[in-house]
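The values are calculated or read from the model by the stated rules, or taken from the named source; none is laboratory data. Note that the structure is a prediction, hence the values are computed from the model and not measured. Neighbour counts are summed over all protein chains in view; Cβ atoms, including those assigned to glycine, are modelled from backbone coordinates with ideal geometry.
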Amino acid sequence: MDNDPISKSYENYLATLCCESVGFSSAKKSHLGRLNMARYADAHNIEEAQIARMGKWNGNVLENNYLSLPYAMIHFTAGFDRDEPYYIPRDIKPPSDLQREIFPWLEKIIEQVKNRDESGLTPRQKDSSVPFFLDMLKQFRSILLQDWAVFSDVATNSIFVKNPIFKDPRFLKFKAQVKEEVRIQGV
């Protein structure tokens with residue numbers, strides 16, 4: 001049962017519970033997010049092709065499986081105006097040794113996955129998405145440190161702020177650099 005997909009009927013049951021908990025009624029509960037985001041994006045002049053790619057609504061295998069993501073749609077759903085330039089002042093690269101403090105087990109797991117013997121495994125057991133997921137976690141290291149450098153003083157009661165890394169001199173130095181850049185940019 002581990003990681004088995006849920007049935008359509010159970011998905012519908014959960015969606016019904018969610019909708020009823022806020023007094024909402026709909027015949028198409030499992031597609032509410034897709035439907036409403038598509039309509040919202042359309043109302044804000046996002047191209048139909050971008051909306052279709054985000055929802056994987058067309059049958060074009062190349063577009064759905066090989067092309068990059070629909071960036072205009074992603075940009076829009078993140079809350080940016082269509083032609084609005086943006087800059088993230090906290091986008092300062094943390095030292096590599098500090099990054100390795102986030103998910104410190106990651107390199108070991110990456111090496112294990114890279115060297116695993118896949119002979120005799122089913123496609124599900126091989127799970128070719130694992131290396132991509134691990135790479136994503138690796139990329140999250142710098143993002144988390146950048147965000148924590150800014151928000152650790154704001155969310156002082158957060159469980160994350162209690163992590164020993166926030167006392168580490170390397171983090172404190174990095175945090176000072178980020179805060180200075182944010183101050184200079186006036187954000």
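As a summary of the residue check, Gln139 satisfies the conditions (1) in a loop (DSSP other than H, G, I, E, B); (2) within 24 Å of the chain's Cα centre (by Cα) except for the one numbered (1).
Can you find a residue that is closer than 25 Å to Ala78 by Cβ and either polar (S, T, N, Q) or modelled with pLDDT under 80 (or both) anywhere in segment 9-16? Yes, the conditions are met somewhere in segment 9-16.
Scanning segment 116-148 for residues that are surrounded by 12 or more Cβ atoms within 10 Å (Cβ to Cβ) and among the polar types (S, T, N, Q) yields Ser142, Gln146. Please work out if Arg116 is of a type outside the set (Phe, Trp, Tyr), in a loop (DSSP other than H, G, I, E, B) and either touching a strand residue (DSSP E or B) at 6+ places or on another chain (Cβ under 8 Å) or at pLDDT below 80 (or both). Criteria met by Arg116.
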